[in-house]
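*Asks:* The structure's right below; bear with me while I get my questions together.
Coordinate-derived values only; no laboratory data. As the structure is a computational prediction, the values presented were derived from the model and not from experiment. With ideal geometry, Cβ positions are generated from the backbone for all residues, glycine too; neighbour counts draw on all protein chains shown.
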Amino acid sequence: MDQESELTSEQSLKLIATMISRAKNEFYDTGLSALLWGSLVIVCSCLSYANHYLDWPVLRYAWWLMVVAVVPQVFISVREAKARRHKSHRDDLIGGIWISFGIAIFLFSYLDSQMTIKHDASIYLTLFAIPTFATGYGRRFQPMIFGGVACWVLAIVSLRSDYPEALIPMAGGALLAWFVPGLILRKRYLAAKRKHVQRP
Amino acid sequence: MFKDLNPILHSQLRLAVVSLLITVKEAEFTFLREKTNATAGNLSVQINKLKEAGYIDVTKSFKDNYPQTICKITAAGVKAFEEYVRDLQAYLNIKK
């Protein structure tokens, strides 16, 4: 870009619009967080479902994997923050939504363990949808918008199912809201990385 | 009478940099270079001009043993940009 070019008013406005659009459409996400939580919820739901018939004592603790996963999540978040080349106001907002979701889900898990809430899977799915839809909407990332809506639909399906069948929509929600968008983000991230490496 | 456009902002690369920084909270030098397709030397000169005008803050540090330059728009920069856009719009409306 040549800074000495004489700009007309129209060119100036066009340049402003182009730059704002370039910055707005940029977001950094390796997809690892979505893959981590998506795969974990799928695995835990399937293990709980299987355990309804197997009744293995060790499988009763499957959901504790969610607590353990906080450690790699912190590691992923720190690495992504270090690699990020810009910070947007929107990223702060989305970060706040995910932190509040994390607190809400752990608080609800505690309540659930104390009170044994009926149709808890539908409440989890309703909660899953909120940050997923907000992220997709804020970033104009359609797979997450679709994933969020799918979670709400599956919450209704789950509400009308008995345990352990209610765990199947839960696994489906994690697949559509996080695992599939995570794969898309990962593919996009690796493609961008390859492009940077190839650039002279 | 047309109000003169701010000469600091009425330059292709400086205007591009300020437009990017108005959208984000802060950005690294490499991000600005990639989005503007400018050369490092040219961009560095224009960033210094914006810094001298008080429109952006520049923080230099090290990340993984590599120098890192982070740019952030100031309140004066936001005000100047808003005025510049208003002047442009006024100019275009009168011309039409």
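*Asks:* Arrange the following residues from fewest to most other Cβ atoms within 10 Å of their Cβ: A:Cys151, A:Cys46.
*Replies:* Going from least to most buried by this count: A:Cys46, A:Cys151.
*Asks:* Among A:Ser100, A:His86, A:Ser113, whose Cα lies farthest out toward the positive end of the dipole of region A:73-121, if unit charges sit on the beta carbon of Lys, Arg (+1) and Asp, Glu (-1)?
*Replies:* Going by the Cα projections, it comes out as A:His86.
*Asks:* Then there's this: Measure nothing but the geometry: give the 0 to 90° angle between the long axis through the Cα atoms of A:70-83 and the longest principal axis through the Cα atoms of chain A, rounded to 10°.
*Replies:* Compared with the principal axis, the helix lies near 0 degrees.
*Asks:* For peptide A:19-27, compute the average count of partner chain beta-carbon atoms within 10 Å of each residue's beta-carbon.
*Replies:* 5
*Asks:* On to the next question. Could you work out, residue by residue across B:46-58, how many beta carbons of other chains sit within 10 Å of that residue's beta carbon, and then give the average as an integer?
*Replies:* Taking the mean over all residues of the peptide, I get 0.
*Asks:* How big is the dipole moment of region A:32-185 about its Cα centre under a simple scheme where the beta carbon of each Lys and Arg is +1, that of each Asp and Glu is -1, and everything else is neutral? Debye, nearest 20, please.
*Replies:* My answer is approximately 700 debye.
*Asks:* I'd like the mean, over residues of A:87-97, of how many other protein chain beta carbons sit within 10 Å of each residue's own Cβ.
*Replies:* Partner Cβ neighbours, averaged per residue: 2.
*Asks:* Sticking with this one: Given axes a ≥ b ≥ c from the Cα gyration tensor, I'd like to know whether region A:32-185 is rounded (a/c under 1.5), prolate (a/b larger than b/c) or oblate.
*Replies:* prolate
*Asks:* Could I ask something else about it? For the modelled label position 7 Å from the Cα of A:Leu159 along Cα-to-Cβ, which residues of region A:12-51 have backbone nitrogen atoms closer than 15 Å?
*Replies:* Inside the label zone: nothing.
*Asks:* Using only Cα atoms, what Kirkwood radius does the protein assembly as shown have, in angstroms?
*Replies:* Hydrodynamic radius (Kirkwood, Cα pairs) of the protein assembly as shown is 22.0 Å.
*Asks:* Let me ask something else. Any idea how far the Cα center of region A:20-81 sits from the one of region B:11-79, in Å?
*Replies:* Measuring centre to centre over Cα atoms gives 36 Å.
*Asks:* Follow-up. For the pair A:Thr116/A:Lys187, report the inter-label distance in nm, with labels modelled 7 Å from Cα in the Cβ direction.
*Replies:* 4.4
*Asks:* Charges only on Cβ, +1 for Lys and Arg, -1 for Asp and Glu: so what's the dipole of the protein assembly as shown about the Cα centre, in debye to the nearest 20?
*Replies:* About 700 debye.
*Asks:* So what's the angle, to the nearest 10 degrees on a 0 to 90 scale, between helix A:9-24 and the longest Cα principal axis of chain A?
*Replies:* For A:9-24 against chain A, the angle is about 30 degrees.
*Asks:* Further question: Between A:Ile99 and A:Val68, what is the FRET efficiency for a Förster distance of 22 Å, r being their Cβ-Cβ separation, to the nearest 0.05?
*Replies:* The calculated FRET efficiency here is 0.70.
*Asks:* Using θ = phi - 60° and the Karplus form 6.51 cos²θ - 1.76 cosθ + 1.60, what ³J(HN,Hα) does each residue of region A:131-148 get, whole Hz, x for Gly and Pro?
*Replies:* Running phi through 6.51 cos²θ - 1.76 cosθ + 1.60 with θ = phi - 60° gives x, 5, 5, 4, 5, x, 5, x, 9, 6, 10, 4, x, 7, 4, 4, x, x Hz.
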